[in-house]
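See structure below.
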Amino acid sequence: MASRNPELERLIEREIVISRVLDAPRELVFDAWTQPGQLMAWFGPKGFSCATHEMDLRPGGRWRFDMRGPDGTVYPNRIDFLEIRRPERLVFDHGTDRDDDPNRFHVTITFDSQDDGKTVLTLRQLHPSKARRREVIGFGAVEYGYQTLDKLAAHLRGG
């Protein structure tokens with residue numbers, strides 16, 4: 001019988017992982033995540049758009065933006081960049097545009113090259129609690145994540 005690791009189990013129960021193979025080299029995929037003009041062209045679920053208030057894409061930098069839903073609802077967001085290692089890894093904290101947001105979550109994105117020139121993008125969200133993870137899954141976070149990656153794939157294809 002395999003030994004149990006309670007700490008690992010506590011982390012796993014707070015995590016959401018989505019992944020996608022993208023038909024582009026990882027340098028281009030990484031650039032789409034880190035070049036403001038590209039990022040603004042595709043970021044967010046289907047029907048959503050973003051308006052940036054502040055963007056400083058470097059470790060210790062911040063991206064403050066409003067995401068506008070198809071119904072016109074505005075969602076203030078803040079991303080604090082922790083690590084930017086081109087072209088393999090991005091790490092940041094994401095939440096609402098408040099200093100005291102108790103629901104901020106930690107994101108790690110990896111960009112892995114395949115021999116065929118495609119990229120495996122893996123996005124890991126670590127939420128503050130098991131209950132919060134369950135809540136965001138309930139409102140569609142996984143589906144919205146895949147819609148966002150669909151928009152990224154279309155952007156990389158030039159459409």
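Quick note: the coordinates plus some simple rules give every number you see, no bench work behind them. Predicted, not measured: the structure shown is a model, and the values here were computed from it.
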Within straight-line cross-link reach of residue 118, lysines at Cα separation under 17 Å, skipping those fewer than 8 residues along the same chain
151
Straight distance only, please: which aspartates and glutamates reach the Cα of residue 130 with their own Cα at less than 14 Å, same-chain residues fewer than 8 apart left out?
7, 9, 13, 15
Top of 11, 121, 57 by mean-square fluctuation, Gaussian network on the chain, Cα under 10 Å
11
Cα-based shape type of region 16-156, given that a ≥ b ≥ c are square roots of the gyration tensor eigenvalues and the cut on a/c is 1.5
rounded
